[in-house]
1. Indicate, rounded to the nearest 5 percent, the antiparallel portion of the DSSP beta bridges found entirely in the chain.
2. Can you give the convex hull volume of the alpha carbon atoms of the chain per residue, in Å³?
3. Full-extension gain between ILE93 and ASP408, please, as 0.36 nm times their residue separation minus the C-alpha to C-alpha distance.
4. Each label point is 7 Å from the Cα along the Cα-to-Cβ direction; what then is the distance between the points at LYS142 and ALA347, in nm?
5. Just the C-alpha atoms of the range 213-525: what Rg/Rh do they give, with Rh taken as the Kirkwood radius?
6. Where in the chain are the DSSP H helices whose C-alpha atoms run 30 Å or more along the long axis and whose mean Kyte hydropathy is at least -1.0?
7. Please say if the range 2-196 is rounded, prolate or oblate, where rounded means a/c under 1.5 for a ≥ b ≥ c the square roots of the C-alpha gyration tensor eigenvalues, and otherwise the choice is prolate for a/b larger than b/c and oblate otherwise?
8. Rank-order 443-452, 159-168 by packing density, defined as the average count of other C-beta atoms within 10 Å over each peptide's residues, highest first.
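Taken together, the values in this text are just the output of simple stated rules run on the coordinates, not laboratory data. These numbers were taken from a predicted model, which means no experiment stands behind them. Cβ sites come from the backbone with ideal geometry, for glycine too, and all protein chains shown count toward neighbours.
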Amino acid sequence: MRKVLFLVLGALAVFAVLALPNHPSAFGWSAVLRWPLELPVILFLMMVLGRRLIIVHAVALALLAVAVLKLADYGMFSAFDRSFNPVVDMPLIAAGFSFTRDSLGLVVFVFAVSSAILLLALLYALIVQGFAAWASLGRNAKTGLAAALIGAGFTGWAVADAGHHLSFWKLENSPPGTTWTSRLAINRVEEIQRTTRDLAEFREAAGLDTYANQFGLLNKLDGRDVFLIWIESYGRASFDNPLYAPTHLATLRSAQAEIAGSGLAMKSGWLTSPTVGGQSWLAHGTLGSGLWTADNGRYQAMIDSGRKWLSHIAQAAGYRTAAVMPAITKDWPESRAMGFELVFDKAEIPYAGESFRWVTMPDQFTLAAYPDLLPPDPRPDFVQIALISSHAPWTPIADVIPWQDVGDGTVFNKMALRGPTPEVLWKDRDAVRDAYRRSVDYVLQVVFSHVLQLADDAPLVIVAGDHQAAGFVSGSDSKDVAVHIIGPPQVLDHIEHWRWTEGLVPASDVPVRRMDSFRDNFIAAFSDKTSTAMVSQ
């Protein structure tokens with residue numbers, strides 16, 4: 001009876017791994033109805049070769065790896081709308097653990113991780129015991145020979161299906177059943193090979209830079225301060241999605257009227273971000289370096305290449321460069337390759353209030369605090385500010401308060417402790433979307449209120465979204481983000497040829513350009529020594 005139990009449970013465990021989908025949209029009973037052709041191949045293989053423990057454990061480990069890969073794909077599709085790439089996405093594992101721990105709390109996080117490890121260990125043990133039971137059926141020579149012949153037949157069947165769907169050959173009709181798990185593994189191996197080649201080509205391209213050895217750039221800025229303000233998860237959904245557009249457009253139009261009254265001009269357009277749902281650093285690297293850093297492999301290659309960021313160009317033009325990064329809580333060695341003289345991370349920003357769970361401090365405090373962090377310096381400033389209040393999980397959300405009341409940040413303490421908790425909020429997707437709407441609106445209000453405070457000094461301010469929110473929140477597969485440039489009218493005349501929309505609401509038909517084009521276009525527009533023609537990307 002025990003042997004029969006393990007025969008059934010082992011087969012069911014293998015079936016579960018093979019039938020497990022890797023995409024949120026594929027979860028459902030339809031996944032169970034697809035018959036995996038690999039199942040009989042594996043079971044008959046165990047009947048023939050299962051007495052060799054190395055084969056049993058090798059196949060069991062391979063199945064466990066497949067299960068982990070599918071779960072990693074599920075997480076990546078949910079967050080970033082793409083599959084998991086082992087070559088470039090390994091750093092995201094630690095980042096994902098850190099975000100989950102901070103969002104759910106240490107106790108819940110430890111329980112969840114421990115449970116996942118235990119389940120995988122149980123799955124592995126069950127598969128191994130099941131294989132042992134199937135191996136025992138093939139001890140008889142005749143039974144073993146029959147298993148080998150039947151297994152060979154199923155193998156040919158599976159190869160025919162895989163080759164048909166992978167376009168190695170074409171059959172008149174697709175064979176019954178599916179080998180989609182095997183095809184997934186083959187495609188992933190090919191993706192790894194393509195990624196490796198792509199990274200080699202990217203490293204070569206990173207060394208080619210039109211502006212690497214040019215001087216006298218950005219002279220048309222006339223030495224005025226430049227502020228690059230990143231808004232987390234701010235994209236086209238704020239303009240196109242009826243869940244968000246009424247709120248966000250009203251805030252933008254109100255801010256537009258106030259900024260116009262201060263004497264500053266505004267132009268707005270669209271940029272295509274290299275990422276969606278997260279990984280803001282990819283957007284920062286793409287805009288700053290002028291290279292399409294669409295994954296972590298490219299990002300690291302860009303860092304290692306010595307490529308000049310926009311901040312390097314500003315530094316050579318006589319600017320003091322600084323980065324205000326409230327989300328940075330650990331050592332950030334790559335900042336040394338980005339051209340920032342000063343870096344103000346969480347530890348350097350004197351916030352005395354409670355954290356907003358993962359969000360270390362509300363954006364209004366960051367914007368109120370950074371001017372006092374900059375020591376006296378006769379040079380103009382080029383400052384990047386990466387805001388985080390509209391980062392998932394979008395709870396709790398701070399209130400906009402009078403700037404004079406911000407103080408040391410303790411005024412935000414009660415706001416930081418209110419609910420709902422992320423684990424409660426994320427049980428209701430409609431509630432998540434509403435929280436996203438309110439958090440982005442909060443950031444838009446404080447950002448443009450801060451821009452008004454800068455108006456007397458007539459700086460040039462760039463406000464850009466880093467990426468769209470995850471697809472189930474944005475309601476779109478677009479990667480377009482809004483970007484606004486605000487400054488004196490005569491300064492914005494230099495980008496008239498960009499054909500951006502006047503004001504803070506970019507027209508839907510404004511030409512969309514990739515984010516990696518911004519660096520060169522910006523330099524060309526504000527430098528006498530370069531062409532003012534838009535760089536085509």
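1. Here the antiparallel bridges make up roughly 40 percent for the chain.
2. Details: hull volume 93.4 nm³, N = 537.
Hull volume over Cα atoms, normalised by residue count, gives 174 Å³.
3. Numbers: separation 315, 0.36 × 315 = 113.40 nm, distance 3.41 nm.
Difference between extended and current length: 110.0 nm.
4. 7.5
5. On the way: Rg = 18.3 Å, Rh = 19.6 Å.
Across the range 213-525, the Cα-based Rg/Rh ratio is 0.93.
6. 53-80, 106-136, 141-165, 180-206, 429-454
7. Numbers: a/c = 2.23, a/b = 1.37, b/c = 1.62.
It is oblate, given that a/c is not under 1.5 and a/b is not larger than b/c.
8. On the way: 443-452: 21.8, 159-168: 15.7.
Per-residue Cβ counts within 10 Å, averaged per peptide and sorted highest first, yield 443-452, 159-168.
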